[in-house]
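Before any comments, here is the structure.
The values are calculated or read from the model by the stated rules, or taken from the named source; none is laboratory data. What you see is a predicted model, and the numbers here were worked out from it, not measured in a lab. No Cβ is skipped: glycine too gets one built from the backbone with ideal geometry, and neighbour counts run over all protein chains shown.
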Amino acid sequence: LFLMDEPLSNLDAKLRIVMRAELKRMQKELGITTIYVTHDQVEAMTMADRIAVLNMGRLQQYGPPDELYFKPRNLFVAGFIGSPPMNFLEGSLIEKGNLYEVDLGTIKVPLPESLSKVLKERNAKGEVIFGIRPDDIKLGEGEYEAEVYVIEPLGRDYIVHLNLDNMKIRAIAPYGTQIKEGTKVKFTFDIVKSHLFNAKTEEAYF
């Protein structure tokens, strides 16, 4: 059994990338179970077969990296895994027959039947937190519109910061997207990839 406590924390960024791959190769080659402690979620996602996320000494979720990314059990895990982090927007549920929509104040987000069914089964109501990853926001089309107030170029893509009546949203746009700071842009959510959390318990509905 190998125990490693943040072994790469004092290395520069380039060397950390090299050593992540080297440590993973060595572990696979030797076949030795390794417990690796890190605050860097990129290290956890790229190196681990299974991840245990702790908060204040309490286990929040344990499972494969993909499970934690796509199906976080609560608000803490959802915010910890993923870069740039998931957008969290405060709102409330509105029930309309067999369907629900999330009232975010400025905009209302209708939920499809598949997600509404989950909420109905769990008797969901009241205040919620709507979660959507920057990758799951499509710019240049859709029913919503916001102001672009900051663009962060990353080479292959951009992190685009949107302001919708003081509601801050981050989105990812591919390189070459014609967007300028200070202008308005239309956008939409890939709603089936969204997440919804109970505002009081912070547990995930989906």
Exercise. Of E141, E147, which residue is surrounded by fewer than 13 Cβ atoms within 10 Å (Cβ to Cβ), assigned to a strand (DSSP E or B) and not assigned by TED's automatic domain parsing to the domain that holds K117?
Worked result: E141
For this session: Check the range 127-136 and report whether any residue there is assigned to a loop (DSSP other than H, G, I, E, B) and within 23 Å of K168 (Cα to Cα).
Result: yes
For this session: Please find, among F2, F76, F80, the residue that is of a type outside the set (A, V, I, L, M) and touching a residue at least 60 places away in the same chain (Cβ under 8 Å).
Result: F76
For this session: Could you run through the range 96-136 and say how many residues are touching a Phe, Trp or Tyr at 6+ places or on another chain (Cβ under 6 Å), surrounded by 20 or more Cβ atoms within 10 Å (Cβ to Cβ) and over 30 Å from M45 (Cβ atoms)?
Result: 1
Problem set entry | Where a residue in the range 155-168 is within 17 Å of I129 (Cβ to Cβ) and its partner, wherever it lies, is of a type in the set (F, W, Y) and surrounded by fewer than 16 Cβ atoms within 10 Å (Cβ to Cβ), with Cβ under 9 Å and at least six apart | K168/Y149
Seminar exercise, completed: Selection from the range 138-163 of residues within 20 Å of the chain's Cα centre (by Cα) and of a type in the set (S, T, Y) yields Y158
Exercise. Out of the range 168-183, which residues are at pLDDT 95 or above and surrounded by 11 or more Cβ atoms within 10 Å (Cβ to Cβ)?
Worked result: K168, I169, R170, A171, I172, A173, E181
For this session: Go through R73, R50 for me and flag whichever is of a type in the set (D, E, K, R) and within 15 Å of the chain's Cα centre (by Cα).
Result: R73
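Listed here are the residues, each with its yes/no results for (1) among the hydrophobic types (A, V, I, L, M, F, W, C); (2) in contact (Cβ under 8 Å) with a residue 60 or more places away in the chain.
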{"site": "L89", "(1), (2)": "yes, yes"}
{"site": "E95", "(1), (2)": "no, no"}
{"site": "N98", "(1), (2)": "no, no"}
{"site": "D103", "(1), (2)": "no, no"}
{"site": "T106", "(1), (2)": "no, yes"}
{"site": "L111", "(1), (2)": "yes, yes"}
{"site": "E127", "(1), (2)": "no, yes"}
Problem set entry | Enumeration of residues in the range 53-73 that are touching a helix residue (DSSP H, G or I) at 6+ places or on another chain (Cβ under 9 Å), closer than 16 Å to A204 by Cβ and buried (at least 17 other Cβ atoms within 10 Å of the Cβ) | V53, Q60, Q61, L68, Y69, P72
For this session: Return the total of residues in the range 42-67 being farther than 15 Å from D5 by Cβ and in contact with a Ser or Thr (Cβ under 7 Å, 6 or more places away or on another chain).
Result: 1
For this session: May I ask you to list the residues in the range 83-95 that are under 15 Å from Q41 (Cβ atoms) and buried (at least 19 other Cβ atoms within 10 Å of the Cβ)?
Result: M86
Problem set entry | Scope the range 158-206; condition charged (D, E, K, R), in a loop (DSSP other than H, G, I, E, B) and out of contact with any Ser or Thr (no Cβ under 9 Å at 6 or more places or on another chain); matching residues | K180, E181, D190, K200, E202
